[in-house]
Amino acid sequence: MSYIKFFFLSAFIACCTSPVIADEIQTSPADEEAYDLGYYPQPYWFIQAQGGMGTTFTSGKNFFKLASPTVSVAFGRMFSPVVGARIHVNAWESKSSLKSINQTYKFNYINSNLDVMLNINNIFSKTSNHFVNVYVLGGIGLAYAWKNDEFTNLRKTYGGAIQENTSNAWGEGTSRKSLLSHSIRFGTLVDFSISKNWSVGIEADINNLSDRFNSKYKNSNDWMLTAQASVTYKFGHKKAVRPTPPVPPVQAAPEIKPEPKPVPPPAPKLIPLTENMKFQLRETDNSESKEQVLQKVVEWAQKNPDKGILIEGYADKGTGNPTINAEYAQKRADNAAAALVAKGIAKERIEVKSFGDTVQPFPNNDDNRCVLIYGK
């Protein structure tokens with residue numbers, strides 16, 4: 001077979017089989033988890049509040065001595081179990097130092113970023129509802145510094161004793177744009193889910209800022225580290241309801257029903273014995289009332305040792321489908337035959353036939369869940 005013929009044959013088989021696959025109800029471990037919870041852990045919206053400490057890295061002072069309070073607020077969304085984004089605003093106070101005069105100074109700042117969030121747990125897990133979630137963060141934005149009175153006073157007081165480059169630190173005249181700085185952030189958030197809507201966590205971020213951020217120039221960018229505790233409120237989860245399997249039709253679709261082989265009806269004139277065993281829905285075993293019928297057949301067989309016994313199994317057409325009904329009819333007939341053999345009737349005298357629901361000997365649907373026993 002050529003490659004072209006093989007390609008078209010494969011495409012034809014795929015087209016024929018794909019509707020069957022689409023009709024099946026398939027659930028993933030994440031779906032099963034959501035059905036148990038009653039909601040999907042992601043996606044969701046969230047509001048976040050944080051508070052902690054921040055510090056800058058500068059020559060002349062231990063960075064612990066430059067620690068200052070900081071707070072943050074954020075609003076964002078987890079779009080999937082792995083990927084999310086937020087708008088994050090961090091602000092309050094920062095410190096820096098002038099090594100040449102051994103002095104520190106404070107100033108205020110605000111740092112806004114658009115962050116991308118990646119949930120590391122869910123990259124490797126088939127489920128997404130974890131008590132502990134570890135996120136890595138990355139984002140870009142703008143920072144703005146102001147209220148630099150302490151730095152200005154130090155320049156006035158010490159003048160030429162300051163060896164650091166502080167000229168034009170905050171711009172001259174109305175050139176206030178020099179207060180703006182880029183902000184590039186990388187960080188980690190360890191978050192603990194305490195309920196569907198609430199979580200607490202600890203976040204640490206390192207921020208790369210322009211050289212102008214701390215008012216002095218050293219021909220390299222400034223760095224700021226923040227460590228904060230967080231409280232997060234999550235909302236907007238999608239509800240999860242386990243799908244109800246479709247109710248099977250009362251009668252199976254005829255297009256997939258195989259054509260039954262024609263079976264000639266039993267000849268009444270050859271029947272010196274006729275007994276009827278009726279069954280309940282989905283019943284195949286022999287109850288006490290059926291044992292009474294079988295005992296009559298045994299007595300007849302003992303009186304007619306040269307006669308045979310014909311056992312026919314049936315199922316009603318109004319319930320189930322042809323395949324299932326064929327199984328029920330066969331089991332009913334086989335169980336009746338096995339019971340007669342157990343009562344001493346030779347197996348060679350017994351003939352078993354099963355018609356499923358292809359033949360309905362009685363006008364009432366429920367009466368066709370039966371086994372008919374004939375002597376022949």
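The values are calculated or read from the model by the stated rules, or taken from the named source; none is laboratory data. Computed from a prediction, not measured in an experiment: that's the story for all the values here. All Cβ positions, even for glycine, are placed from backbone atoms using ideal geometry, and neighbour counts span all protein chains on display. Accessible surface is based on the protein model in full, side chains and every heavy atom, while ligands, DNA and RNA are left aside. Shrake-Rupley method; radii C 1.70, N 1.55, O 1.52, S 1.80 Å.
Per-structure values
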{"quantity": "Segment VAL263-THR166, extension gain: residue separation times 0.36 nm, minus the distance between their alpha carbons", "calculated": "24.2 nm"}
{"quantity": "Full-stretch length increase - GLU288, SER220 - with 0.36 nm per residue and alpha-carbon distance subtracted", "calculated": "14.8 nm"}
{"quantity": "Estimated FRET transfer efficiency (LEU142, VAL241; beta-carbon r; R0 45 Å; 0.05)", "calculated": "0.50"}
{"quantity": "Rounded accessible area per residue of the chain, 1.4 Å, Å²", "calculated": "58"}
{"quantity": "Inter-probe distance in nm under a simple model that places probes 7 Å from Cα toward Cβ, at THR152 and LEU180", "calculated": "2.2"}
{"quantity": "Kyte-Doolittle mean at least 0.5, axial Cα span of 24 Å or more - DSSP H helices of the chain", "calculated": "3-23"}
{"quantity": "Burial order of peptide ranges 278-290, 102-114 (average beta-carbon count within 10 Å, highest first)", "calculated": "102-114, 278-290"}
{"quantity": "Potential lengthening between GLU299 and ASP334 on full extension [0.36 nm per residue; Cα-Cα distance subtracted]", "calculated": "10.6 nm"}
{"quantity": "Sum of -39500 (n - 2.57) over DSSP H runs of 4+, divided by residues of the chain (222 nm, nearest 500)", "calculated": "-7000 deg cm²/dmol"}
{"quantity": "Carbon/sulfur fraction of accessible area - the chain, other protein chains in place, 1.4 Å, %", "calculated": "61"}
{"quantity": "Estimated FRET transfer efficiency (SER28, VAL250; beta-carbon r; R0 45 Å; 0.05)", "calculated": "0.90"}
